[in-house]
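Take a look at the structure below.
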Amino acid sequence: MSDKPNTEQMAIQGLGEPLEVTIRGDRAEDIYSGHVVVVSMDGKIMAHAGDPDIWTFIRSTAKPIQAIPSVRAGVMEKFGFDTRALALMTSSHRGSPEHIAVLEQMLKLTGIKEADLVFDEAKPADPRIRDEWARKGGLPRKLYHVCAGKHIGLLALCKLRGWPMESYTDPEHPLQQEL
C-alpha cells in the first residue's frame, strides 16, 4: 500500500486534486481533495487546483456566505435578531422545538409570513424529533424545512431594501444578484 495519494485515480473518480493530506506517524491518514477555482471579477480564471470546469453544487455550505448581505445591511439590528437567529440563517436545522421557536420569533419580528417561503411544507429532519412529532399528530409546515432560517433572513433583507418578496428566488431578482 502506497502512502502517496493516487492523483490519477482520484481524477478519474471526479474527486479532484488532493488539497491537504494529514499524516499520522509515517502514513497518510486523510486526504482532502476537491476542485478550487479563483476567478477575477470579470470571470477570468486566475488559478485553479483540480478541474476548473467541473460542475458542483455547494448547497447548504453556501449559507454562511449567503447570510453576509443580510448581516451587512443591518437585518440583525433592524429586526432584533439574536445569535440564535443568525445560527439558523447560516445553517440547516433539524426541526427541534427550540429551532421552531426561534424561526417563529424571526417571522414575528419581521412580519414575514410562513407562506412567503418558496419551498413545500416538510417534516422535522431529525428522526427522533420526527417520531415524537408524528406520535403527537404533527402536521408538516414550511418552518420544518432545513433551509427556513436562511430564507427568512433573505426575505428580511428584501423587506429592508424594499425589494419584491414574491420573486426572491428568481435569478434576476435584486437579492439573487447581490448574493
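Here are some notes:
- Selection count where residues are free of Cβ contacts under 8 Å to residues at least 40 places away in the same chain and open to solvent by less than 30 Å² (accessible area, probe 1.4 Å), scope segment 131-146: 1
- Subset of segment 31-74 [over 29 Å from CYS147 (Cβ atoms) and either open to solvent by 60 Å² or more (accessible area, probe 1.4 Å) or of a type outside the set (Gly, Ala, Ser) (or both)]: ILE31, ASP42, LYS44, ILE45, MET46, HIS48
- Residue in segment 160-171 that is within 20 Å of the chain's Cα centre (by Cα) and either open to solvent by less than 30 Å² (accessible area, probe 1.4 Å) or of a type in the set (Phe, Trp, Tyr) (or both) present: yes
- Matching helices (runs of 4 or more DSSP H) fully within segment 1-107 where at least 2 residues are more than 25 Å from the chain's Cα centre (by Cα) and at pLDDT below 85: 7-12
- Tally of residues being open to solvent by less than 20 Å² (accessible area, probe 1.4 Å) and over 21 Å from LEU139 (Cα atoms) across segment 84-100: 3
- First in segment 163-178 and in contact (Cβ under 8 Å) with a residue 12 or more places away in the chain, second anywhere and of a type in the set (Val, Ile, Thr) and open to solvent by 60 Å² or more (accessible area, probe 1.4 Å), Cβ under 7 Å, 6 or more apart: THR169/VAL118
- Filtered residue count, segment 101-130, keeping only those that are hydrophobic (A, V, I, L, M, F, W, C) and surrounded by 18 or more Cβ atoms within 10 Å (Cβ to Cβ): 7
- Just one of the listed residues (PHE57, PHE81) is touching a residue at least 12 places away in the same chain (Cβ under 8 Å), closer than 28 Å to PRO140 by Cβ and among the aromatic types (Phe, Trp, Tyr), and it is PHE81.
The values are calculated or read from the model by the stated rules, or taken from the named source; none is laboratory data. Since we're looking at a predicted model, the values are computed, not measured. Backbone-built Cβ (ideal geometry, glycine too); neighbour counts: all protein chains shown. Accessible surface is based on the protein model in full, side chains and every heavy atom, while ligands, DNA and RNA are left aside. Shrake-Rupley method; radii C 1.70, N 1.55, O 1.52, S 1.80 Å.
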